[in-house]
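These notes concern the structure reproduced below.
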Amino acid sequence: MINNFIIEVGKIAFVRSIKEVSEKSYCFNYYLNIFKTEISVQNKNISLFVCVPPKWELDLVDIYIENYQLLKFIPHVESNGKICLFEKEGILIDKNLLGITIQSLYRAEKILKDGLLGKNSEDFINEFEIYWGNLPNRGAVEFVRPNCGKSQNVKCAFRRNPSLKTEKTPISQIK
């Protein structure tokens with residue numbers, strides 16, 4: 001099965017190489033299998049780890065960029081190099097690991113290509129709270145502020161200062 005998997009994934013045009021690695025954990029997560037692959041995106045070779053979780057039928061596969069800090073800041077790449085491939089809420093997943101992996105690699109290549117070209121830079125705005133929250137010493141708060149009969153969503157970004165003490169004030173005492 002593994003040999004067929006490697007052969008089929010290796011047929012993808014932008015995949016330069018793929019091999020199974022002996023490690024079974026990556027970024028503090030346990031995986032059934034981990035494959036190291038190199039893909040070509042915009043004439044740049046990028047090393048990825050394709051990781052198969054125990055419940056891949058529910059969780060899909062995880063793809064990490066090996067040296068993500070060498071790339072510019074790209075939307076949909078988390079602070080540990082994991083590429084956020086799909087919104088999994090409400091989707092039906094076909095129990096075909098090879099098919100899931102191939103689709104995930106195509107999605108990863110598109111995210112990286114669009115990121116390197118700057119085509120998906122507006123995604124930073126759409127997912128601002130997620131990116132801001134991943135930065136060190138940063139936080140975000142969202143609340144609703146009533147205004148003349150209409151409600152407004154207000155988002156606030158701030159820099160955390162660990163030297164300041166926090167004080168909790170009960171809502172009933174806020175004027």
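Here are some residues: GLN69, GLN103. Which one is farther than 17 Å from LYS44 by Cα, polar (S, T, N, Q) and free of Cβ contacts under 8 Å to residues at least 60 places away in the same chain?
Only one candidate passes the filter, namely GLN103.
I need the full set of residues from the stretch 86-110 which are under 18 Å from ASP123 (Cα atoms) and either of a type in the set (Ser, Thr, Tyr) or modelled with pLDDT of 90 or more (or both), in order please.
Within the stretch 86-110, the subset under 18 Å from ASP123 (Cα atoms) is 86-88, 107-110.
Within the stretch 86-110, ARG107, ALA108, GLU109, LYS110 meet the criteria.
Which residues, counting only those in the stretch 101-121, are open to solvent by 20 Å² or more (accessible area, probe 1.4 Å) and part of a helix (DSSP H, G or I)? First the steps, then the outcome.
So the first thing to find is which residues in the stretch 101-121 are open to solvent by 20 Å² or more (accessible area, probe 1.4 Å), and the list is 102-103, 106-107, 109-110, 113-114, 116-119, 121.
Within the stretch 101-121, ILE102, GLN103, TYR106, ARG107, GLU109, LYS110, LYS113, ASP114, LEU116, LEU117 qualify.
Can you pull out every residue in the stretch 11-30 that is open to solvent by less than 50 Å² (accessible area, probe 1.4 Å) and assigned to a loop (DSSP other than H, G, I, E, B)?
ILE12, PHE14, CYS27
Can you find even one residue in the stretch 35-50 that is free of Cβ contacts under 8 Å to residues at least 60 places away in the same chain, of a type in the set (A, V, I, L, M) and farther than 19 Å from SER79 by Cα?
Restricting attention to the stretch 35-50, the residues satisfying the condition of being free of Cβ contacts under 8 Å to residues at least 60 places away in the same chain are 35-36, 38, 40, 43, 45, 47, 49-50.
Subset that is of a type in the set (A, V, I, L, M): 50.
Filter once more, so that each one left must be farther than 19 Å from SER79 by Cα: none.
Checking the stretch 35-50: not a single residue is free of Cβ contacts under 8 Å to residues at least 60 places away in the same chain, of a type in the set (A, V, I, L, M) and farther than 19 Å from SER79 by Cα.
Checking the condition over 23 Å from LEU116 (Cα atoms) and among the hydroxyl-bearing types (Ser, Thr, Tyr), which residue from SER47, SER25 passes?
On the way: SER47 fails: over 23 Å from LEU116 (Cα atoms).
Criteria check complete, one pass: SER25.
The values are calculated or read from the model by the stated rules, or taken from the named source; none is laboratory data. Just so it is clear, the model here is predicted, and its values are computed rather than measured. Neighbour counts run over all protein chains shown; Cβ positions are idealised from the backbone, glycine included. Just the protein is used for accessible areas: all its heavy atoms, side chains included, with ligands, DNA and RNA removed. Shrake-Rupley method; radii C 1.70, N 1.55, O 1.52, S 1.80 Å.
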